[in-house]
1. I want to confirm something. Restricting to segment 29-44 and keeping residues that are without any contact (Cβ under 8 Å) to a residue 60 or more places away in the chain, part of a helix (DSSP H, G or I) and among the aliphatic types (A, V, I, L, M), which single residue is surrounded by the fewest Cβ atoms within 10 Å (Cβ to Cβ)?
2. Show me the strands (runs of 3 or more DSSP E) entirely contained within segment 45-135 in which 1 or more residues are touching an Asp or Glu at 6+ places or on another chain (Cβ under 8 Å).
3. Restricting the search to segment 138-163, which residues are surrounded by 11 or more Cβ atoms within 10 Å (Cβ to Cβ) and either touching a Ser or Thr at 6+ places or on another chain (Cβ under 7 Å) or in a helix (DSSP H, G or I) (or both)?
Amino acid sequence: MTDQRGVVVGHWPGQDPSAEGGPAELLAAYHLQTQAEKGEAVTDVDGLPDRYRAEVLDPQTAFVDDVVLVALSGDTAVGCLVVTAPVSGQCEVKRLWTDPSFRGRGIASGLVSAALAHAVESGVGMVRLSVWAWRADVIGLYERIGFTVSDSWDERAQLVCMQRAV
């Protein structure tokens, strides 16, 4: 676990991830914001594409083989990140989100650092991720942590693919 100015980052500690104040709320905020940024705003979780709605409604099943990292302020989840199960010596970082009222405290970098440490512990040699091109601040964060832009493995327009050896 990592302490980020009063916020602890670690593996989701076994509570129901759909419980109030848990990763499900953070995932909902992440997906609703992303849909709005893509110009496809929806009013609530029910309007999300099936794949994303499933993550919010049942993150435990959606990420059954993955690791969900959560930043906690007391008992409240204020940030999350998913590290996929290793495949062919690499894993992927997904769904990085920090509650807007907790931004600027190093939570996102703490979550990414914890993901990299998990990757090392898992014997992974490469961590990859994709991020929307309009999220310049997040791209800058990833670059500061050592990720570099790579050839795309995803054909969606405006998606930047990045990777980092660990």
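Every number in this text was worked out from the coordinates using simple rules, so none of it is lab data. Quick caveat: nothing in here was measured; it's all calculated off a predicted structure. Cβ: placed from backbone, ideal geometry, glycine included. Neighbour counts: every protein chain shown.
1. Looking at residues that are without any contact (Cβ under 8 Å) to a residue 60 or more places away in the chain, part of a helix (DSSP H, G or I) and among the aliphatic types (A, V, I, L, M), I get A36.
2. Numbers: elements: 67-73, 76-83, 90-98, 126-132.
Here the list reads 76-83, 90-98, 126-132.
3. Once the filter is applied, which keeps residues that are surrounded by 11 or more Cβ atoms within 10 Å (Cβ to Cβ) and either touching a Ser or Thr at 6+ places or on another chain (Cβ under 7 Å) or in a helix (DSSP H, G or I) (or both), segment 138-163 yields V138, I139, L141, Y142, E143, I145, L159, V160, C161, M162, Q163.
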